Structures are given as structure tokens and as C-alpha cells.
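Student: Just passing along the structure, written as C-alpha cells.
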Amino acid sequence: MAADDLVELAKRRGFFFGSNGAYGGTAGFYTFGPQGAALKRNLEDAWRDRFTIREGNREIEAPTVMPEPVFEASGHLEGFDDMLVECGECGESHRADHLVEAVTEIEDAEALPGDEVEGLIADNEIACPSCGTPLAGESVEDFNLMFATDIGPGDAQPGYLRPETAQGIFVEFPRLKEYARGNLPFGITQIGAAYRNEISPRGGLLRLREFTQAELEQFIDPEADEPPLDRVRDVEVRLYPATEQEADDGEYVETTVGEAVDEGVIGSPWVGYYLGVAKEWYERVGVDLDRFRFRQHLAGERAHYAADCWDAESEVDGDWIEIAGFSYRSDYDLSKHGEHGDGAFTVFKRYDEPKTVERAAVDPDMSVLGPEFGGDAAAVAEALEALAERDPDAFDAETVSVDVNGETRDVDVDVAGFAIEETTESGEHITPHVVEPSFGVGRTVQTLLAHAYREDEVDGEARTYLSVEPEIAPQDAAVFPLVTNDDRLVDLADRVASDLRAAGLAVAYDDSGSIGRRYRRQDEVGTPFCVTVDRDGIEGDAPDTVTVRERDSAAQVRLPADELAAELAALRAGESFDVLLDRYETVETDVETN
RNA sequence: GCACCGUUGGUCCAGUGGUAGGACAUUAGCUUCCCAAGCUAAUAGCCCGGGUUCGAUUCCCGGACGGUGCACCA
């Protein structure tokens with residue numbers, strides 16, 4: 001299939017199109033039309049069902065605008081901010097800060113203003129690494145991939161549109177852990193928009209400036225928590241490990257989740273677990289598994305804190321695109337926010353048995369130390385405390401000596417209040433580790449459409465259709481009167497359509513043009529079932545019956561109108577059309593598909 | 001951001017220094033008992049700004065958007 005065909009279909013049938021066309025268009029922004037929005041929402045619902053509901057996790061919704069300090073902590077402020085200088089001669093772009101750092105003593109050139117870096121390039125006669133042309137006079141461009149904004153009027157505080165949804169979960173961890181009643185493991189999900197001011201957005205939905213992410217942050221105790229790996233142990237996966245990517249004749253490793261984890265191909269059992277869950281989910285929503293793989297990040301590709309990282313990739317138009325990332329992020333995120341923020345980004349981990357520890361402690365009598373040592377009294381007390389911990393035996397004598405401010409101070413042991421205390425510790429504060437499956441929703445939509453796109457022939461006439469799963473299809477069904485010159489057919493079709501809608505099904509009604517044309521319209525947007533009211537359905541042997549046509553095969557069955565809603569709901573939930581073919585009268589249509 | 005190419009009804013294309021034509025789609029009517037049928041009619045377009053010109057959709061410049069390559073993609 002040519003990529004152009006899908007783009008044309010997407011525009012014509014209302015899946016997605018470039019935004020703000022009336023104002024010339026805006027690069028990097030796409031609007032999902034009626035069909036696309038419905039499909040995307042169904043996909044999100046399927047994700048929510050699998051990664052939130054079925055995992056027993058909880059979903060939150062955080063703001064898209066966050067204040068600057070959040071991104072100082074997360075590293076995005078620095079990591080997303082690049083200083084580029086372009087060579088006027090050969091056109092290569094280079095990191096200006098790196099060039100300056102290479103030839104000067106300056107270690108953090110990125111923190112300098114752009115014009116100062118321009119000056120440094122001129123003063124140090126820095127030349128283009130690619131072609132050797134002096135870069136003096138070239139302007140240093142500041143690229144921050146985050147959209148900046150102001151929060152509030154006047155002396156507003158700087159804020160940014162979030163470049164990933166994850167931070168909205170991390171920053172609220174101190175509160176979210178309360179809702180989990182302090183127990184690990186627990187998972188928080190979020191589906192929402194993220195923003196990156198891409199230099200050069202391209203490729204339709206593949207690289208946008210505003211896009212939708214579905215993310216799960218699984219918080220675990222790295223020493224105690226194990227994933228329920230047995231649930232996915234036998235799931236078959238196609239892996240593309242780093243070692244194979246680096247080999248000259250690298251090959252896929254076809255294995256199971258269990259084996260891959262056992263053999264250490266997948267480093268973290270948690271990552272392995274979610275790869276298995278994701279594989280089954282992708283199959284459920286209609287990704288073609290022949291055009292799907294898990295690719296491990298190469299060492300250089302990986303963030304320094306990530307122990308192991310895998311991407312889910314799908315093949316679209318011959319290119320492999322990243323549609324999800326699975327990373328073991330250790331305690332990086334929560335530790336960073338713990339350092340920068342005020343809350344407690346830890347949980348209290350209770351020991352199996354409370355530990356009784358003997359500790360040497362002092363309880364100095366300050367009413368004696370104060371008059372005796374004056375301003376040094378507090379320092380003496382502190383020194384006594386340190387000594388008790390370091391060398392309890394020092395308190396065996398009648399007096400004990402400590403050095404404070406270069407002077408030796410003698411204190412009566414009685415005054416120091418030395419004692420061996422037994423204390424009970426019932427646990428410790430630990431920073432949870434994070435396992436993060438992060439899905440790109442728009443890219444998954446693109447994948448589903450590309451993988452569902454089909455061309456075949458029905459009765460010798462070419463047709464285009466989308467073989468999307470009923471759960472994901474924008475519309476559950478369409479209802480037609482076979483012909484419109486008989487009010488009885490139109491009336492029954494009207495009634496059937498409104499009954500189905502009342503039952504919660506998304507139903508299109510169409511009485512325009514020939515029946516074949518109407519089938520083709522629905523085929524093109526992936527409607528899985530078409531309900532047609534014909535004359536046999538209102539008179540003769542089978543009153544109040546309708547026919548249901550399955551999209552891919554064009555096979556039809558006749559069933560009572562009042563059983564329709566329940567059957568369509570079952571089909572949407574995953575029941576095979578073959579069940580209906582067995583249960584009801586098959587309609588002979590002489591229609592051939594191939 | 002750089003370079004090259006492009007932008008004409010909803011979609012896909014043709015064409016022109018004197019404001020445009022087709023196909024498909026859409027709408028209405030006729031016809032029509034199962035897969036883009038037929039007939040009649042209708043709706044609908046030269047990306048934006050500036051320049052040259054009596055006159056620009058057409059030529060020139062700039063911009064926006066799109067495609068491709070480079071760069072970028074924590």
C-alpha cells in the first residue's frame with residue numbers, strides 16, 4: 001500500500017488532517033476528524049482497560065502546564081535546550097556549547113547566553129568540525145524543545161507545556177502514595193497530551209508538536225516486588241536485542257517472555273512482564289504481528305539511569321517506527337524530585353520483624369553544659385553524640401573528653417547522660433523504582449490504519465476497506481433500508497438504528513445511493529457490520545428480521561431485529577462472526593470476495 | 001533550520017498573462033430487492049502577501065503548508 005493512499009483516505013473520510021487549514025495550516029499539529037477521534041478514543045479505552053483496569057492500577061489527570069522547577073528537577077530544562085550553530089559553508093549544524101567547551105576551560109557553556117557563545121566562537125577562532133570553515137559571525141540558535149509560557153500576570157513564573165505526561169505523575173507521588181496507603185507496588189496511569197516544539201515535524205502523525213501519550217508508572221520496591229511473570233511467561237515475542245543490532249548479520253530472536261527473562265535477554269523481569277502484556281494488547285487492537293518487534297535500546301541510546309530499555313516498533317510504509325517505550329528508570333525520577341521538591345518521595349518499608357538495635361546515646365544536661373561552655377555548649381553536645389556512636393567505651397571513665405573548636409573539653413559522664421538504649425525500628429524509608437511503559441497513541445493509530453488498509457475485489461469491483469478490530473472501529477455498525485421506495489423498509493430501518501443507539505452502539509444510518517455504494521462507504525471507514533432491512537424482513541416467513549453483513553468477507557446472516565443489539569455488542573466484545581453464521585440463517589448473496 | 005520540488009472544487013488531476021476543465025465524491029429527484037449501475041440537475045476551486053503588467057491562478061520575490069535529503073529527535 002502506498003502511504004499516499006492512506007493519507008488521502010484519512011483526509012477524505014475524516015480520520016485526520018493538518019490543523020488550521022483555513023489559516024494556512026500549522027506544521028506539527030493534526031486534528032482527528034469524526035472517524036479518527038472515535039477510533040483514537042476506542043484505542044485509548046482499550047489501553048485503559050488493559051493497563052489500568054486489568055492491572056488494578058489507577059488513572060489520574062494532571063495539568064499540561066507545569067512550573068519551571070519541575071523541569072529543572074526532571075532534567076528537561078537542560079536536556080531539551082540545545083544551542084546550535086550552523087556552518088554557512090557546508091550547512092552542518094553543531095552543538096555550539098560543545099564546541100566552546102572543547103577549546104576553553106568553560107565546562108557548562110550551555111548556561112551562557114547565546115551572544116556570549118557567539119563571542120567565544122569568534123575569540124577562539126573555532127572552525128566548523130566538518131569542513132574547517134571559521135564559524136565566527138554565524139549566529140547561535142537556541143532550540144528549546146519545550147513550549148514556554150507564563151503562569152499568571154505581571155511577574156509571572158515561567159512555565160512549560162509538559163514534554164511528557166510522566167512528570168505529572170512523579171511530582172504528585174507524595175500524595176499518590178497516600179492513596180495507595182503507602183504500599184508498594186502500585187501503578188498510576190495517565191492518558192493525555194504532551195508537547196514538543198520539534199524543529200522539523202514530519203510524516204503525518206509520526207512526529208507532532210502536540211501528541212497523545214498513554215503512560216503507566218509502576219512503582220516498585222526493587223528488592224521485594226516481583227511482577228506476575230507467569231501470566232505472560234508463554235507469550236511469544238520477536239526481540240531485536242542490542243547485540244543483534246550491532247552484529248553484521250543481526251537477526252531477530254523469536255522466543256517467549258519467560259525464556260527471554262530467564263536467559264537475561266530481557267534484563268528486568270518487570271520490563272519483560274510489560275512486553276508480554278503489550279504484545280497481547282497490540283494483537284487485540286489489530287497490529288499486524290508480522291510487522292511488529294521489540295527492539296532493545298543500544299547502550300548509547302539509553303539514558304544513564306535506565307538499566308534496560310526496549311521499544312515496541314511497528315513497520316509502516318517500510319519504515320520501523322517507535323510506538324512505545326518500556327524502561328526501567330530505577331529511582332531516578334523520584335530521587336530528583338526528592339532533591340528539588342519538598343514532599344516525601346519515599347515510602348516507608350516495614351520490616352518483616354521489627355529490629356531491636358542497641359544504640360549508644362547521650363542525653364546531655366544542658367543546664368550544666370550551658371553555664372560551663374557558653375556558646376560552645378551546643379557543639380559540645382553534638383560532639384558527645386558523635387563520640388557515643390563512634391566509641392561508646394570512651395564513656396566508661398568518670399569523665400569524657402571531646403575536641404571542640406580546637407579545645408579539649410572535659411565533661412562528667414553523668415552530665416553527658418550516656419546510656420545504651422534499646423530502640424525498635426519497624427522499617428525504613430526507601431525510594432521506589434519506576435518501571436515505565438509509555439505508549440504513543442497517535443503513532444499507534446497510524447499503525448492500525450496502515451496495517452488494516454486492504455484492497456480487494458467484491459463481485460469483480462475493486463474496493464478499499466479497513467480491516468480494523470470491531471472494538472477499535474470508529475462505528476460499531478451501519479443501518480440501511482435496502483431500497484427507499486417502500487416506507488415500511490425505511491420505517492423499520494429507522495427504528496432499528498435508534499434502538500441500537502439507545503443500546504449504546506455507535507451506528508451510522510445511510511439511505512443514499514445504491515446498497516453497494518453504501519457498503520463501500522462503510523468498508524472504507526472500517527465499520528465491521530452493516531445491517532440491511534429488506535422486504536423479506538417485513539413480510540413472509542421472517543417478519544421483523546434484518547440481515548447483518550460482515551465487512552471483510554461480505555458474508556450475511558438473517559436475524560430477528562430484537563436480537564440485534566445483543567449480538568452486535570457481543571461481536572464488538574470479540575465474538576467471532578462465525579458464531580452468528582452457525583446460529584442464524586445464512587443469506588445467499590452470490591457475492592465473491594478475493 | 002538549510003537545500004531541492006510542489007500547492008487548482010471535498011478528493012485526485014488537466015490547463016491558461018484576459019479569473020478555469022475533467023474524473024471521483026457529495027446533495028436533490030427519477031430508478032432500484034444486496035455490493036462504487038443508469039438518467040437529470042445542483043453545490044463547489046486557482047494557498048497567503050508584495051512586485052511586474054492595462055490585466056497575474058499563470059511570471060518574479062517573500063511567507064505558510066506539504067514531500068524528499070541533510071541536521072535535529074533528552
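The values are calculated or read from the model by the stated rules, or taken from the named source; none is laboratory data. All of these numbers come straight from a predicted model, not from anything done at the bench. Glycine gets a Cβ as well: all are built from the backbone with ideal geometry, and neighbour counts include every protein chain shown. Surface accessibility is based on the protein's heavy atoms, side chains included, excluding ligands, DNA and RNA. Shrake-Rupley method; radii C 1.70, N 1.55, O 1.52, S 1.80 Å.
Student: Please specify each residue of segment A:27-45 satisfying the condition of being near RNA strand B (Cβ under 10 Å from one of its atoms) and in contact with a Pro (Cβ under 9 Å, 6 or more places away or on another chain). Give the derivation first.
Tutor: Going residue by residue through segment A:27-45, those that are near RNA strand B (Cβ under 10 Å from one of its atoms) are A:27-30.
A:27, A:28, A:29 - these are the residues of segment A:27-45 that are near RNA strand B (Cβ under 10 Å from one of its atoms) and in contact with a Pro (Cβ under 9 Å, 6 or more places away or on another chain).
Student: Look through segment A:181-230, keep the residues that are surrounded by fewer than 18 Cβ atoms within 10 Å (Cβ to Cβ), away from RNA strand B (no atom under 15 Å from the Cβ) and among the hydrophobic types (A, V, I, L, M, F, W, C), and return whichever of them is farthest from residue A:25 (Cα to Cα).
Tutor: A:224
Student: Name, by its number, the condition in (1) in a loop (DSSP other than H, G, I, E, B); (2) more than 34 Å from the chain's Cα centre (by Cα); (3) free of Cβ contacts under 8 Å to residues at least 12 places away in the same chain that does not hold for residue A:575.
Tutor: With (1) in a loop (DSSP other than H, G, I, E, B); (2) more than 34 Å from the chain's Cα centre (by Cα); (3) free of Cβ contacts under 8 Å to residues at least 12 places away in the same chain applied to residue A:575, the lone miss is (2).
Student: Which of the numbered conditions does residue A:409 fail, given that it passes all the others? Conditions: (1) under 21 Å from residue A:39 (Cβ atoms); (2) open to solvent by less than 80 Å² (accessible area, probe 1.4 Å); (3) not aromatic (Phe, Trp, Tyr).
Tutor: Only one criterion is unmet by residue A:409, namely (1).
Student: Among (1) within 16 Å of RNA strand B (Cβ to nearest atom); (2) surrounded by 12 or more Cβ atoms within 10 Å (Cβ to Cβ); (3) among the acidic types (Asp, Glu), there is one condition residue A:487 misses while meeting the rest; what is its number?
Tutor: (2)
Student: Oh, and also: Looking at residue A:74 and the list (1) open to solvent by less than 60 Å² (accessible area, probe 1.4 Å); (2) closer than 22 Å to residue A:207 by Cα, which single condition is not satisfied?
Tutor: That leaves (2) as the condition not met.
Student: On to the next question. Could you tell me whether any residue of segment A:346-362 is assigned to a helix (DSSP H, G or I) and not assigned by TED's automatic domain parsing to the domain that holds residue A:183?
Tutor: Initially, segment A:346-362 is screened for residues assigned to a helix (DSSP H, G or I), giving none.
No, every residue in segment A:346-362 fails to be assigned to a helix (DSSP H, G or I) and not assigned by TED's automatic domain parsing to the domain that holds residue A:183.
Student: It is to be established whether one or more residues within segment A:392-401 are open to solvent by 40 Å² or more (accessible area, probe 1.4 Å) and closer than 30 Å to residue A:221 by Cα. Steps first, answer last, please.
Tutor: As a first pass, look at segment A:392-401 and keep what is open to solvent by 40 Å² or more (accessible area, probe 1.4 Å): A:392-393, A:396-399, A:401.
Okay, now just the ones that are also closer than 30 Å to residue A:221 by Cα, so none.
Scanning segment A:392-401, I find no residue that is open to solvent by 40 Å² or more (accessible area, probe 1.4 Å) and closer than 30 Å to residue A:221 by Cα, so the answer is no.
Student: Going residue by residue through segment A:401-417, is there one that turns out to be under 49 Å from the mean Cα position of the chain (by Cα) and outside the structural domain of residue A:205 (by TED's automatic domain parsing)?
Tutor: no
Student: Of all residues in segment A:505-521, count the ones that are more than 9 Å from RNA strand B (Cβ to nearest atom) and closer than 15 Å to residue A:482 by Cβ.
Tutor: Going through segment A:505-521, the residues more than 9 Å from RNA strand B (Cβ to nearest atom) turn out to be A:505-509.
If we keep only those that are closer than 15 Å to residue A:482 by Cβ too, we end up with A:509.
Qualifying residue count for the region: 1.
Student: Something else: Suppose the filter is touching a helix residue (DSSP H, G or I) at 6+ places or on another chain (Cβ under 7 Å) and touching a residue at least 12 places away in the same chain (Cβ under 8 Å); does residue A:447 pass it? Write out each step before concluding.
Tutor: Details: touching a helix residue (DSSP H, G or I) at 6+ places or on another chain (Cβ under 7 Å): no; touching a residue at least 12 places away in the same chain (Cβ under 8 Å): yes.
Answer is no for this residue.
Student: Taking into account only those residues within segment A:4-26 that are of a type in the set (Gly, Ala, Ser) and within 7 Å of RNA strand B (Cβ to nearest atom), which is farthest from residue A:524 (Cα to Cα)?
Tutor: So in segment A:4-26, the residues of a type in the set (Gly, Ala, Ser) come out as A:10, A:14, A:18-19, A:21-22, A:24-25.
When the remaining residues are screened for being within 7 Å of RNA strand B (Cβ to nearest atom), the result is A:18, A:24-25.
Working: A:18: 20, A:24: 28, A:25: 26 Å.
Residue satisfying both the conditions and the ranking: A:24.
Student: Looking at segment A:492-505, which of its residues are surrounded by 16 or more Cβ atoms within 10 Å (Cβ to Cβ) and either in contact (Cβ under 8 Å) with a residue 60 or more places away in the chain or touching a helix residue (DSSP H, G or I) at 6+ places or on another chain (Cβ under 8 Å) (or both)?
Tutor: Those that are surrounded by 16 or more Cβ atoms within 10 Å (Cβ to Cβ) and either in contact (Cβ under 8 Å) with a residue 60 or more places away in the chain or touching a helix residue (DSSP H, G or I) at 6+ places or on another chain (Cβ under 8 Å) (or both): A:492, A:496, A:499, A:500, A:505.
Student: Can you tell me which of (1) open to solvent by 50 Å² or more (accessible area, probe 1.4 Å); (2) among the charged types (D, E, K, R); (3) assigned to a strand (DSSP E or B) is the one residue A:248 doesn't meet?
Tutor: (3)
Student: If you don't mind, there's one more thing I want to ask. Checking residue A:123 against (1) surrounded by 13 or more Cβ atoms within 10 Å (Cβ to Cβ); (2) over 35 Å from the mean Cα position of the chain (by Cα); (3) at pLDDT 70 or above, which test does it fail?
Tutor: (1)
Student: Sticking with this one: All but one of (1) open to solvent by less than 20 Å² (accessible area, probe 1.4 Å); (2) at pLDDT below 95 hold for residue A:571; which doesn't?
Tutor: It fails just one condition, (2).
Student: Within segment A:396-514, considering only strands (runs of 3 or more DSSP E) that don't extend past its boundaries, which have at least 2 residues that are closer than 30 Å to residue A:330 by Cα and modelled with pLDDT under 85? Spell out how you get there, then give the answer.
Tutor: Numbers: elements: A:399-404, A:407-412, A:419-430, A:433-440, A:453-458, A:461-466, A:477-481, A:507-509.
In segment A:396-514, the matching strands (runs of 3 or more DSSP E) lie at A:419-430.
Student: Test of understanding: among A:23, A:30, which residue is in contact (Cβ under 8 Å) with a residue 12 or more places away in the chain and farther than 30 Å from residue A:177 by Cβ? Spell out the reasoning first.
Tutor: Values: A:23 fails: in contact (Cβ under 8 Å) with a residue 12 or more places away in the chain.
A:30 is the lone residue from the list that is in contact (Cβ under 8 Å) with a residue 12 or more places away in the chain and farther than 30 Å from residue A:177 by Cβ.
Student: With touching a strand residue (DSSP E or B) at 6+ places or on another chain (Cβ under 6 Å), modelled with pLDDT of 75 or more and over 28 Å from residue A:40 (Cβ atoms) as the only criterion, which of A:185, A:134 stands out?
Tutor: Values: A:134 fails: modelled with pLDDT of 75 or more.
Among A:185, A:134, only A:185 is touching a strand residue (DSSP E or B) at 6+ places or on another chain (Cβ under 6 Å), modelled with pLDDT of 75 or more and over 28 Å from residue A:40 (Cβ atoms).
Student: List pairs: first in segment A:473-491 and of a type in the set (S, T, N, Q), second within 9 Å of RNA strand B (Cβ to nearest atom) and open to solvent by 30 Å² or more (accessible area, probe 1.4 Å), Cβ under 6 Å, 6+ apart or cross-chain?
Tutor: Sorted first by the residue in segment A:473-491, then by its partner, the pairs are A:484/A:511.
Student: Considering segment A:414-440 alone, what residues qualify as being aliphatic (A, V, I, L, M) and buried (at least 23 other Cβ atoms within 10 Å of the Cβ)?
Tutor: A:416, A:434, A:435
Student: What is the residue count in segment A:522-550 for residues that are more than 7 Å from RNA strand B (Cβ to nearest atom), part of a loop (DSSP other than H, G, I, E, B) and either over 13 Å from residue A:477 (Cβ atoms) or open to solvent by 10 Å² or more (accessible area, probe 1.4 Å) (or both)?
Tutor: 7
Student: Residue by residue through segment A:263-280, note down the ones that are in a helix (DSSP H, G or I) and either open to solvent by 10 Å² or more (accessible area, probe 1.4 Å) or not hydrophobic (A, V, I, L, M, F, W, C) (or both). Break it down stepwise before answering.
Tutor: Keep residues of segment A:263-280 that are in a helix (DSSP H, G or I), which gives A:269-280.
Once the filter is applied, which keeps residues that are in a helix (DSSP H, G or I) and either open to solvent by 10 Å² or more (accessible area, probe 1.4 Å) or not hydrophobic (A, V, I, L, M, F, W, C) (or both), segment A:263-280 yields A:269, A:270, A:272, A:273, A:274, A:276, A:279, A:280.
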